Each structure stands twice: as structure tokens, then as C-alpha cells.
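The values are calculated or read from the model by the stated rules, or taken from the named source; none is laboratory data. Just so it is clear, the structure is predicted and the values come from calculations on it, not from any experiment. Positions of Cβ are generated from backbone atoms using ideal geometry, with glycine treated the same way; all protein chains shown enter the neighbour counts. Heads up: the accessible areas ignore ligands, DNA and RNA and are worked out on the full protein's heavy atoms, side chains in. Shrake-Rupley method; radii C 1.70, N 1.55, O 1.52, S 1.80 Å.
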Amino acid sequence: MMADTDFILLIRPIMASLSARILMLYAGQTGATRRDRLCSALRQTIGEGSLPQGSRLPSSRLLAAELKLSRVTAEAAYSQLESEGYLQRQTGKGTFVAIALRPSPTGNECASLPFIPSARAAAVVASGACQDPPFPYAFAAGSPELRAFPHDLWRRLTARQQKLHGSALMRYGDPQGWLPLRQALSLYLAQARGVRCTPDRIIVLTSSQQALQMLSLLLLDSGEEVWMENPGYPGARHAFLSAGARITGVAVDEQGAIPREGAPRLIYLTPSHHYPGGSALSLERRLAWLALAEKQQSWIIEDDYDSEFWYDAQPMPAMQGLAPQRTLYLGTFSKSLFPSLRLAWMVVPEPLVEPLIRLRSVMDGHSAQLPQAVTAAFIEQGHYAAHLRLMRQLYHSRRDLLLERLTSQLIDRLQVLPCRGGLQMTVLLREGNEAELTVRAARQQLLLPRLSPCWLDDKPEQQGWLLGFSALERAEIIHGVNKLTALFQDR
Ligand SMILES: Cc1ncc(COP(=O)(O)O)c(C=O)c1O
């Protein structure tokens, strides 16, 4: 057997560079103890190929001396790595590397590794992501006014619910959703939106986006056709694309989506407030769509995303109330409470309930329980209705101000589409290039959410923007419109 001193003489040059490498890696570690840091440094040295399989390591005494550590630390690190399978210690022979690892790529090499998405994902990756607006920022679309949120009340309700339910809220929950929330929702939806449902037809989700994703997975085979409004909601398009579906656009006019024969299995509509145009689907058209769906045994997704906010006249009750057996009704708290709450719901016919619950349990289990309990209490105690009333008034005045400013300053540049409700106003460019103006606006800290991504093909028939107003105070709206006016004058 070779003595440690002979071994040192033999491998001193190698040891010097190896120790230097281990030392360098050791210095860069952030583990809690010296032992953890040494373990990480050794794992990394083996992982990057500096110590190939079968190489002999210095004794723990020698390593400790080289690294200026205690022998106990070096010994403990060797034992730990032996138990993990990296090292093998042979009595009387020494410590050896037990495994062959392919060197893992470094940060720079990682950046150049090819990434090939699945065929299904390719279309989604290419089409861009769902983009959430920064807040508050003129004219980010779809943001509620969070500065006017009843934060103290929410805090109190959170503490109360935690106290009331204790650890029950910390366990895994029902994939269908917290029962009191489903009960509160079913009453609210019946009263406010004419939705026909019982708590057992409601599934609580993180977002409408999740609902769209789940329905796509459940109801669309790869290559299958789906219809949606054109222009329409990009989030729905992304969900359908991710299921590998073929999307066909449905034309929209001032009475909403225009019905036509030959409907596929799934149709996506925003009946109370077309996204992005703002028109409401007329009763006549609702009945026509439902008759077509009945004939073809199709499902209609009714995305009722912002129907809580109406300013001139109350919107028509939900289409779901006319035909609960054909309609998959979606709603979200992202606009009516706050987006990071991550709570939404769908109301579905009985045959879809169980499959969707199973799907949810496979995807991510369920939504967090405490926020569900707080939201349930917020609705039950009447705070939700009161909050909506206040926000409706606030947004109404902001809508009026934006409309008045755009009309007086920019009417020769922009056509303003009727905005009876919602959180944003759609404007069409009379002339000019949407993309170019948007880039120039961004340089002036003006965010103009573009209309083009709402069109299904690359040739948008209309250019323009969705100007969010709900999250902007009076001065912010005035400042934003002045900046927009200056943008046109600078050309
Ligand atoms: C038509 C439509 N549906 C759904 C949503 C978003 O809801 P969620 O945050 O619950 O996915 C939006 C957001 O802008 C929307 O415009």
C-alpha cells in the first residue's frame, strides 16, 4: 500500500490544481455548514469531470490540511458523499470516485443548447405569452383599482377565517373548491347573472385561463376544429393552440358574434361584452347560437370575464341561464377583486363535473384554501356586492373622463368604440401604424396594449389599442391622453 507521503509526491501537481478547484468551488458555496459546502464542492468537481470514475482522492487528513479545514469536517463530507453513492471508501486503500458523470453544461453552454418544443407547444411558444399589465400605468388594460381595495377588511377576514378553521385550511383541499365558496358563488351568480346552478356544478379554479386550458384538454383532440370570435381573446387562442386545435374565426359585428351553420364541438364566446370590441351578443343571436349548438351537440364556452362592471345599462343575464346543458360558464375574481388572488370558477353541466374534477386533481390538486375561505366570507357578508357597487361608480367616472378627453383631443386620429362596461376602451386608429406608434409610446413610458394580437391571422383588419382606464386616477388619465396626443403631433 502506498503511504500518504508517497502518494503526495506522486500526485502533488495534480493535487495542487484539484485542491485549487475544490477550494474555489468551496469558497463559492452558500451551504449552511462547512461540511455542506465541502460536499457541494466535491459533488461539483466530480460532476464537471475533474475527478473521473475510479480516481483516488487524498485522505481526509490531507484534504483537510489543503483546504485548512478540520479533519472531522473532511471526514464527514467523505462519509456523506459515500452514502450518496459518489464515493467509495475501501479500508486500507483509500477513497475513490464511484460514479461516471457526464459533465453538466456550464451557464454559457446551457444558453446555446438547442430547445425543440413539442409540435403542440410550438404554436403557443411562437404566438407569445399571455401578458399581465404592469400596474398602475397608463393605459395598461384589464387592471382593477387596487388602491381602493378594502385592505383592512381583507386582513381582518383572513385572520378570522384562519382562527375559525385552523389547520383544516392547511390540508389538501377539495379539487372542486371550498364548499362555502361554491355555495356563496351559486347564490351570487343566480342573483346577479341569472346563472342556473347549484354548488355541485361549480368548480373553483385559479383563473379563467386555467378553465380554458382544462376545457381544451378535455374536449379537443389534436387537429380538431374550435370556433372563436375574430378578433378575440388571445388567452383563449393560446389555450386552444396548446391543445393542438385548429382555430376558425367567427366574424363579429355590433350585435356580437355572427352565428353560422356547421359548428364544431367547441365554441368560445364573450357574450356580455365582446373581447376586444365591446359589443353585447343580442338575444336573437344568443338563441341562434344555442340552437346551432343543440343541433351539433356543441359546447359553448361563455366567458363572462368582466360583466360586473357596466355603466349605462345592466348587461343581459348570462347565456348559461337560457341553456345550462350546452353552456360552459366562466368567471373570474381577477377583475372584480384582484388578479393575484388567483381564483376563478366555471359552471358546467353535470356530465362534465366529475371529469373536470379529476383533471384538476391531476393538474395541480386545487386552489389554495385560505383565499377561498376569505373570499367566501367576503361574499356571504355582503362586502363583495358593496365593493362592486363602489368600483362600478369609480370606473364609470373614469370611463366618462377618458371618453371625454379622447373625443376632445384625438377624435380625428382615433375612432372610439362604444364602451358600455368593462375595464378598458377600444380605440381604432384612423391612420398610422399601430406597431410603430406603440414602440414610440413605450419610449415615453406610455403603455398602449395593441389590438393586433387579438386577430387570428397576421393581417389585422383594424389597428388600434385597448386603453385601460379602471386603475387610473383622474390626473393619470389626463396625463396619459396628453402624452398620446403629443405622440401623434411628434410625427
Ligand atoms: C376575455 C377574458 N377572459 C379572461 C380573462 C382573465 O381572467 P383570468 O385572470 O382569470 O385568467 C381576461 C383578462 O384580461 C379576459 O380579457
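Quick look at the values:
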| item | result |
| --- | --- |
| Contact order relative to length of the chain, as percent, for alpha carbon pairs under 8 angstrom and 6 or more apart | 16 percent |
| Ranked by how many other beta carbons lie within 10 Å on average, peptides 35-43, 477-485, 52-60 from highest | 35-43, 477-485, 52-60 |
| Cα long-axis angle, helix 369-380 against the chain (0 to 90 degrees, to the nearest 10) | 20 degrees |
| Accessible solvent surface per residue of the stretch 226-275, calculated while the other protein chains remain in place, 1.4 angstrom probe, Å² | 29 Å² |
| Separation between Cα centres of the stretch 334-378 and the stretch 45-65, rounded to whole Å | 52 Å |
| Loop GluC sites (Glu not before Pro), the stretch 246-296 (other Cβ atoms within 10 Å of the site Cβ: 13 or fewer; DSSP) | Glu254, Glu261 |
| In degrees, nearest ten, helix 474-489 long axis to first principal axis of the chain (Cα) | 90 degrees |
| Nonlocal amide H pairs with Val250, under 5 Å, H built at 1.01 Å | Met228, Glu229, Asn230 |
| Debye, to nearest 20: dipole size of the stretch 383-491, +1 on Lys, Arg Cβ, -1 on Asp, Glu Cβ | 360 debye |
| Estimated dipole of the chain in Debye, rounded to 20 [Cβ of Lys and Arg +1, of Asp and Glu -1, Cα centre] | 1520 debye |
| Degrees, to the nearest 10: 179-193 long Cα axis against longest axis of the chain | 30 degrees |
| Heavy-atom accessible surface of the chain: percent carbon and sulfur, 1.4 Å | 55 percent |
